[in-house]
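Asker: Let me begin by handing over the structure; questions about it come next.
The values are calculated or read from the model by the stated rules, or taken from the named source; none is laboratory data. Computed from a prediction, not measured in an experiment: that's the story for all the values here. No Cβ is skipped: glycine too gets one built from the backbone with ideal geometry, and neighbour counts run over all protein chains shown.
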Amino acid sequence: MKNTKISELLNVTEVDRLVNIKGWVRTKRGNKNVAFIAVNDGSTIHTIQAVVELSNFSEDNLKGVTTGACVSITGILVKSQGQGQSVEIQLKELEVLGTADETFALQKKGHTLEFLREIAHLRPRTNTFGAVLRIRHAMSFAVHKYFNEKGFFNLHTPIITGSDAEGAGEMFRVTTLDIQNPPKKEDGSIDFKKDFFGKETNLTVSGQLEGELGALGLGLIYTFGPTFRAENSNTPRHLAEFWMIEPEMAFYDFNDNMNLAEDFLKYLIRYALENCKDDLEFLNTMYDKELLGRLQSVVDCTFERLTYTAAVDVLLNSGKKFEFKAEWGADLQKEHENYLVEYFKKPVILIDYPKHIKSFYMKQNEDGKTVRAMDILFPWIGELIGGSQREDNYDKLLARVKEMNIHEESLWWYLETRKYGTCPHSGFGMGFERLMLFVTGMTNIRDVIPFPRTPMSAEF
Ligand code: 4AD
Ligand code: MG
């Protein structure tokens, strides 16, 4: 018999009919007369209960029904007699598809998140990761839905690149050269002309530069793909492989950019509140009693917008002793970002950063000191979005490239867009896992991606 998803069965009113479910046993309990098997199939946080009358079903037949086993259960769907569930299944036929003995790691509830990270191959079977991964799907879907509704085109930018978009210089090399014995040039350096692409290549840190090429022909585009950073940051907010969403918009100035980013974030959070109710309520109960309230408050508020310079003033006037001193020209630290978000009690959009702490492509302001950058800071997370209006003037852009010692030749195609039909344009990047941290209330980024990649860790 074809199985029905548990999420569907829990919502039906039509009972007293034969159904089949397939899923994994969470618990088996009962007494001499009756056994209760709780099964989850991943379609919902809830389990459905199968009731076994032991008078016509011998205990022997239930041997394989242990926590973690995969079962197929056929029976009559009935209104539940007990508390806590609307329907249950009176078991008629049972098949154990896959046994799980007592060495199965998820025997009882209440494992720490740290422990679950060590068994990432099994953690999709837990309530917590079921909830997180369903929400992750919903958020991914909502990203595409949002941009599609706004007339953006999804552009697939390359994962292997020959340029370093952020100028961060911390990239993973892509090569087919024999690392034990690479071909050398006369001066002893490695001859990348002999490499697969005939040049040095890396995994991309951002799809932005290619995204701009798309926007300067298609108007409105967005990317949504994996990005890679080889920085050795072992923090609860950094991954070596993460997913980024990068919209890029022709004819948007930095105000339009801010408006879009704020609207986008509220749309996503509202989508979660409306479509992930059960999972969010579970996380709210189990991990973070303020989660739902915090999500709603972001949807309801207007983000604070202020310049980097004004933000530094707020920090200087705070009277607070920071570990890193706040001073104009220095990058804001996590503690500074936290202070600002707490001070305004809502998300903060900071603009007009000093140019020397930002990327080469950002539009320069008239003051000669700042650029039209925008960072969106969120409670708990810190920087959720980074973006800017782009420098669309060829000479100014080239001057910046030279000043910052960026390899000009490898960017010829990017620079050409400013020679032929350039226009004002803007964009931003949102780290998908940072959004997931905010939406789920999880506090470690390793717990919002199925298989995290961090320094010294790529097991699964
Ligand atoms: O601020 P970033 O470096 O900006 C860019 O890459 C631009 N090209 C974006 C653009 O304008 N199109 O990264 C953007 C966002 C950050 O705000 C953060 O949310 C996330 O990506 N991010 C990371 N997330 C997880 N792990 C990391 N190591 C991250 N680094 C950045
Ligand atoms: Mg940034």
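Asker: Does Lys345 qualify as being within 15 Å of ligand 2 (Cβ to nearest atom), of a type outside the set (S, T, N, Q) and either under 27 Å from the mean Cα position of the chain (by Cα) or not assigned by TED's automatic domain parsing to the domain that holds Phe303 (or both)?
Answerer: So Lys345 does not fit the description; no.
Asker: Take Ala272 and tell me if it is of a type in the set (Gly, Ala, Ser), touching a strand residue (DSSP E or B) at 6+ places or on another chain (Cβ under 9 Å), assigned by TED's automatic domain parsing to the domain that holds Cys423 and touching a residue at least 24 places away in the same chain (Cβ under 8 Å).
Answerer: No, not satisfied.
Asker: Here's a follow-up. Criterion first (modelled with pLDDT under 95 and not assigned by TED's automatic domain parsing to the domain that holds His356) does Glu186 satisfy it?
Answerer: no
Asker: Hey, can you tell me all the residues within segment 367-397 that are more than 9 Å from ligand 1 (Cβ to nearest atom) and outside any strand (DSSP E or B)?
Answerer: Correct list: Asp367, Gly368, Lys369, Pro379, Trp380, Glu391, Asp392, Asn393, Tyr394, Asp395, Lys396, Leu397.
Asker: Suppose we filter Ile406, Ile376, Ile351, Ile385 for residues that are modelled with pLDDT under 95 and in the same structural domain as Ser163 (by TED's automatic domain parsing); which single one remains?
Answerer: Ile406
Asker: With the structure loaded, tell me whether Arg294 is farther than 16 Å from Pro379 by Cα, more than 14 Å from ligand 1 (Cβ to nearest atom), basic (Lys, Arg) and surrounded by 14 or more Cβ atoms within 10 Å (Cβ to Cβ) or whether it fails that test.
Answerer: For Arg294, the condition - farther than 16 Å from Pro379 by Cα, more than 14 Å from ligand 1 (Cβ to nearest atom), basic (Lys, Arg) and surrounded by 14 or more Cβ atoms within 10 Å (Cβ to Cβ) - is not met.
Asker: Is it true that Phe438 is farther than 20 Å from Leu280 by Cβ, touching a strand residue (DSSP E or B) at 6+ places or on another chain (Cβ under 9 Å), among the hydrophobic types (A, V, I, L, M, F, W, C) and within 12 Å of ligand 1 (Cβ to nearest atom)?
Answerer: When the stated conditions are applied, Phe438 does not pass them.
Asker: Specify which of the listed residues (Tyr394, Tyr361, Tyr420) is under 31 Å from the mean Cα position of the chain (by Cα) and in the same structural domain as Asn154 (by TED's automatic domain parsing).
Answerer: Result: Tyr361 is the single residue among Tyr394, Tyr361, Tyr420 that is under 31 Å from the mean Cα position of the chain (by Cα) and in the same structural domain as Asn154 (by TED's automatic domain parsing).
Asker: What pairs can you find where one residue is in segment 449-460 and touching a residue at least 40 places away in the same chain (Cβ under 8 Å), the other is among the polar types (S, T, N, Q) and exposed (fewer than 14 other Cβ atoms within 10 Å of the Cβ), and their Cβ atoms are less than 7 Å apart, with a gap of 6+ or different chains?
Answerer: Thr454/Asn234; Pro455/Asn232; Pro455/Asn234
Asker: Counting only residues that are free of Cβ contacts under 8 Å to residues at least 60 places away in the same chain and surrounded by 19 or more Cβ atoms within 10 Å (Cβ to Cβ), which one in segment 209-227 is nearest to ligand 1 (Cβ to nearest atom)?
Answerer: Per the criteria, the residue is Thr227.
Asker: Being of a type in the set (A, V, I, L, M, F, W, C), surrounded by 21 or more Cβ atoms within 10 Å (Cβ to Cβ) and away from ligand 2 (no atom under 16 Å from the Cβ) narrows it down to one of Met430, Met456, Met442, so name that one.
Answerer: Checking each option against the conditions leaves just Met442.
Asker: Something else about it: Quick check on segment 390-403. Is at least one of its residues away from ligand 2 (no atom under 16 Å from the Cβ), at negative phi and touching a Pro at 6+ places or on another chain (Cβ under 6 Å)?
Answerer: Scanning segment 390-403, I find at least one residue that is away from ligand 2 (no atom under 16 Å from the Cβ), at negative phi and touching a Pro at 6+ places or on another chain (Cβ under 6 Å), so the answer is yes.
Asker: Please go through segment 408-427 and pick out each residue that is outside any helix (DSSP H, G or I), in contact with an Asp or Glu (Cβ under 8 Å, 6 or more places away or on another chain) and not hydroxyl-bearing (Ser, Thr, Tyr).
Answerer: Arg418, Cys423, Pro424, His425, Gly427
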